[in-house]
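Q: Could you have a look at this structure, given as structure tokens, before my questions?
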């Protein structure tokens, strides 16, 4: 993403506390232990809470984000947890992840400009190995106007039917919209409308 966008996240993360907390997202924490050990890609991973959790389960983890501050805090969190991970500071909109290379991908509250959303989601689907898993959690459009988290732009929020169609070659084992209570530090706090999904790439 642009330098301006990267600086926004650097500014958000540049304090002692973790903006979204140090514990993994509840949906990621529920789904990851079901997967066999493998190679996982975490996009827009921020301060590293989900990637560090995955590394603790024995996965080989690569995290990508535009924020150098997020990277620093994620690696510090990993060191405290006694795990290792690879963290790349890259522009998510321009990143290139080799096709068929990943056992799983985690998209946790990754909200992209609407003009780029379908293209990036298509690359995510293509980068999974046959039989690989996508774990997704995002804010739905019903979240618009709430102060419990998410972008303040309706077009950046997700619609269930559109999400279902934007990952070609994947079969959804679970995909639903639900209202949940988020307790993720100051970043996500309170009742929120989310989309939760798990999909598999066709063999």
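Q: Check off (1) over 20 Å from residue 184 (Cβ atoms); (2) modelled with pLDDT of 95 or more; (3) outside any helix (DSSP H, G or I) for residue 79 and give me the number that stays unchecked.
A: (3)
Q: I'm trying to understand the selection: among the residues of segment 55-71, which are in a loop (DSSP other than H, G, I, E, B) and free of Cβ contacts under 8 Å to residues at least 60 places away in the same chain?
A: If the condition is that a residue be in a loop (DSSP other than H, G, I, E, B) and free of Cβ contacts under 8 Å to residues at least 60 places away in the same chain, then 57, 58, 59 are the ones that fit.
Q: Residue 167 passes all but one of (1) under 21 Å from residue 24 (Cα atoms); (2) in contact (Cβ under 8 Å) with a residue 24 or more places away in the chain; (3) in contact with a helix residue (DSSP H, G or I) (Cβ under 9 Å, 6 or more places away or on another chain); which number fails?
A: Just one mismatch for residue 167, condition (1).
Q: Shifting gears a bit: Give just the number: which of (1) buried (at least 16 other Cβ atoms within 10 Å of the Cβ); (2) over 20 Å from residue 196 (Cα atoms); (3) without any contact (Cβ under 8 Å) to a residue 60 or more places away in the chain does residue 99 not satisfy?
A: All conditions are met except number (1).
Q: Now for a separate question. Against the definition (part of a helix (DSSP H, G or I), within 15 Å of the chain's Cα centre (by Cα) and more than 21 Å from residue 181 (Cα to Cα)), how does residue 28 come out, yes or no?
A: no
Q: Looking at 107, 92, which one is surrounded by 14 or more Cβ atoms within 10 Å (Cβ to Cβ), assigned to a loop (DSSP other than H, G, I, E, B) and touching a residue at least 40 places away in the same chain (Cβ under 8 Å)?
A: 92
Q: Moving on to the next point. Those residues that are in contact with a helix residue (DSSP H, G or I) (Cβ under 9 Å, 6 or more places away or on another chain) and either in a strand (DSSP E or B) or over 21 Å from residue 176 (Cβ atoms) (or both), I need them from segment 119-144; list them, please.
A: 133, 134, 135, 136, 137, 138, 139, 140
The values are calculated or read from the model by the stated rules, or taken from the named source; none is laboratory data. Keep in mind that what you see is a predicted model, and the values were worked out from it rather than measured. So basically every Cβ, Gly included, is an ideal-geometry build from the backbone, and we count neighbours across all protein chains shown.
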